[in-house]
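In what follows, a structure is listed as structure tokens, so that the remarks can point back to it.
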Amino acid sequence: MAVKLRLVRMGKKKQPTYRVVAAESRRARSGAFLEIIGTYEPRGLSAANPETVIKIDNDKAVAWLRNGAQPTERVAKILKTSGALDAFEAAKAAK
């Protein structure tokens, strides 16, 4: 089973919000998922303050990355902003 960290679209028409989830790679975009890792609101308060629009549980994200989950391009950028990707790289380098 290949696991991906990806976005699931939520919200109203023309007002998207996304969940960052761990899901099987063969599932549909908004199909079943294994665990919710966080949320991303691209229409948040401001681009200058990204903490208001990105809420990620870094411990869960690092745990999934350690287990071999592959993030999509957009999720990788979100994880880098939240600091989860840096924590994973530091843990990997410490081994």
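The values are calculated or read from the model by the stated rules, or taken from the named source; none is laboratory data. In this text the structure is predicted, and so the values were computed from the model without any measurement. Please note: Cβ atoms are built from the backbone with ideal geometry, for glycine as well, and neighbour counts cover all protein chains shown.
In contact (Cβ under 8 Å) with a residue 40 or more places away in the chain and surrounded by 18 or more Cβ atoms within 10 Å (Cβ to Cβ), is that true of L79?
Spelling it out, L79 is indeed in contact (Cβ under 8 Å) with a residue 40 or more places away in the chain and surrounded by 18 or more Cβ atoms within 10 Å (Cβ to Cβ).
Could you please tell me which pairs satisfy a Cβ distance under 6 Å, a separation of 6+ or placement on different chains, a first residue in region 1-14 that is at negative phi and free of Cβ contacts under 8 Å to residues at least 40 places away in the same chain, and a second residue that is part of a strand (DSSP E or B) and hydrophobic (A, V, I, L, M, F, W, C)?
Every condition considered, the pairs that remain are V8/V21.
Filter region 46-73 down to residues that are modelled with pLDDT of 90 or more and part of a loop (DSSP other than H, G, I, E, B), then give me how many there are.
5
Only one of (1) touching a helix residue (DSSP H, G or I) at 6+ places or on another chain (Cβ under 8 Å); (2) part of a loop (DSSP other than H, G, I, E, B) is not met by A76, so which one is it?
Every listed condition holds for A76 apart from (2).
Among (1) modelled with pLDDT of 90 or more; (2) not in a loop (DSSP other than H, G, I, E, B), there is one condition A90 misses while meeting the rest; what is its number?
Result: A90 passes all but (1).
Under 6 Å between Cβ atoms, which residue pairs at least 6 apart in sequence (or on different chains) link something in region 17-29 that is more than 16 Å from Y40 (Cα to Cα) with a partner that is aromatic (F, W, Y)?
Listed pairs, sorted by first residue: A23/F33.
Which ones in region 51-74 are closer than 15 Å to A2 by Cβ and either surrounded by fewer than 14 Cβ atoms within 10 Å (Cβ to Cβ) or β-branched (V, I, T) (or both)?
Residues satisfying the conditions are N67, G68, T72.
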